[in-house]
1. For the stretch 214-254, give me the residue count where each residue is closer than 29 Å to residue 310 by Cα and part of a helix (DSSP H, G or I).
2. Picking from 267, 305, which residue would you name as being open to solvent by less than 10 Å² (accessible area, probe 1.4 Å) and under 21 Å from residue 159 (Cβ atoms)?
3. State the number of residues belonging to the stretch 88-102 that are among the β-branched types (Val, Ile, Thr) and more than 15 Å from residue 153 (Cβ to Cβ).
4. Kindly establish whether residue 163 is part of a helix (DSSP H, G or I) and on the phi < 0 side of the Ramachandran plot.
5. Just to be sure before I move on: is residue 135 open to solvent by 40 Å² or more (accessible area, probe 1.4 Å), of a type in the set (A, V, I, L, M, F, W, C), outside any strand (DSSP E or B) and in contact (Cβ under 8 Å) with a residue 24 or more places away in the chain in the structure I sent?
6. When the stretch 230-264 is examined, which residues are found to be out of contact with any strand residue (DSSP E or B) (no Cβ under 9 Å at 6 or more places or on another chain), open to solvent by 30 Å² or more (accessible area, probe 1.4 Å) and either modelled with pLDDT under 95 or farther than 19 Å from residue 179 by Cβ (or both)?
Amino acid sequence: MLDEKSDKSQYRWDPFQKEWIIYAPKRNLRPFQGKNFKKEPKKTWTCPFCPDAPEGSGKWVVKQLPNRFASLDETKHFSIEKIMGSFKKTAPNYGKCEVILYSQDHDASFGTLEHQNIIALIKMWQERFAAIKNMKDMKYIFIMENRGKEIGNSMTHPHGQIFSFPFIPPKIEKEYLAFKQYNKEKNSCILCDILKEEQNEKNELKNGGNSRIVCENDDFLAIIPYYAHWAFEIHIISKRHFRSLIEITETEIESLAQIMKKIVQKYDALHGDGNIMPYVMAMHNSPVNTKENSENLFHFHIEYYTPFRGKEKLKFLAGVELGTGTMICDALPELNAKIMRELST
Ligand SMILES: [Zn+2]
Ligand SMILES: [Zn+2]
Ligand SMILES: [Zn+2]
């Protein structure tokens, strides 16, 4: 019997796209805050992540919590897979969903966090990554942040999430195959080569050339990729080739904190009017507990997507994107990278 209260959460296999879909009917019960584009003052609601609420209580700088409205469940087993009829394939929704609180300050955001606070956050991500990696059935640990009502964030208190999957999600699988194929053909890493080319093009700037670089420091480069899907999509790429956050040095942690804050500050400055920019931060680490990880082909990077494409203009996925999977991007990366580069923060 299907009813709202019983747990019908599961994975189902799409035989056409050849990918798992997560069915999480219970998630419809989760709360939603924030009615308009502007940040609302705290007094209009009781926030569960603030220090006066049970989940946010205690003394902490950053804090990890289980997601109360998790769509994945670590007590299940992915291996019990059923095939019914000619195409119906389902599996229990094994996985893990966590929330990471960035600050006790309800009105803070990534762009206003103290440097040491971001260092603590990166170390918390590392700690969680290492712990989840020990769960041998987990194949992908996805660290991310949804920010802003426009992209469905239901809580305005600064926080991010960690989704852990028992399989390699399709976008990561595609990236991994690209690393592998490039390596086979050129005996090199595609992202290491992209870094070199972006630097070369930057050196041509004074001769009237273009650059897609937004900013950089000793250890990381931030660009709007040549192949960006969104007008202001930004990728932060490590200058050294390593697979995941747990292989990063202390100096690189400092640099990563600096450049992540800078990108968010630039986004907020671009948005203007003192409002926060809606975005998705997607950290692309290598898969874990698989041959894909042991091959050392994956190159760590972070992707930011925002629906923002100009003042009062948001990009929505519509017919062409949803019906064919082909993205229409409203601006050339070179032009928007220049805008981002020249924004002062
Ligand atoms: Zn709060
Ligand atoms: Zn590389
Ligand atoms: Zn990526």
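The values are calculated or read from the model by the stated rules, or taken from the named source; none is laboratory data. Because the structure is a prediction, the values reported are computed rather than measured. As a convention, Cβ positions derive from the backbone with ideal geometry for all residues, glycine included, and neighbour counts pool all protein chains shown. Keep in mind that these areas ignore ligands, DNA and RNA; they rest on the heavy atoms of the full protein, side chains included. Shrake-Rupley method; radii C 1.70, N 1.55, O 1.52, S 1.80 Å.
1. 0
2. 267
3. Going through the stretch 88-102 one residue at a time, the tally reaches 1.
4. For residue 163, the condition - part of a helix (DSSP H, G or I) and on the phi < 0 side of the Ramachandran plot - is not met.
5. It is true that residue 135 is open to solvent by 40 Å² or more (accessible area, probe 1.4 Å), of a type in the set (A, V, I, L, M, F, W, C), outside any strand (DSSP E or B) and in contact (Cβ under 8 Å) with a residue 24 or more places away in the chain.
6. 249, 250, 251, 254, 261
Residue-wise test of (1) farther than 30 Å from residue 74 by Cα; (2) away from ligand 2 (no atom under 14 Å from the Cβ); (3) open to solvent by 60 Å² or more (accessible area, probe 1.4 Å).
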| position | (1), (2), (3) |
| --- | --- |
| 165 | no, yes, no |
| 185 | yes, yes, yes |
| 190 | yes, no, no |
| 228 | yes, yes, no |
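Conditions (1) β-branched (Val, Ile, Thr); (2) out of contact with any strand residue (DSSP E or B) (no Cβ under 9 Å at 6 or more places or on another chain); (3) open to solvent by 50 Å² or more (accessible area, probe 1.4 Å), marked per residue:
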residue: 124; (1), (2), (3): no, no, no
residue: 130; (1), (2), (3): no, yes, no
residue: 142; (1), (2), (3): no, no, no
residue: 162; (1), (2), (3): yes, no, no
residue: 169; (1), (2), (3): no, no, no
residue: 176; (1), (2), (3): no, yes, no
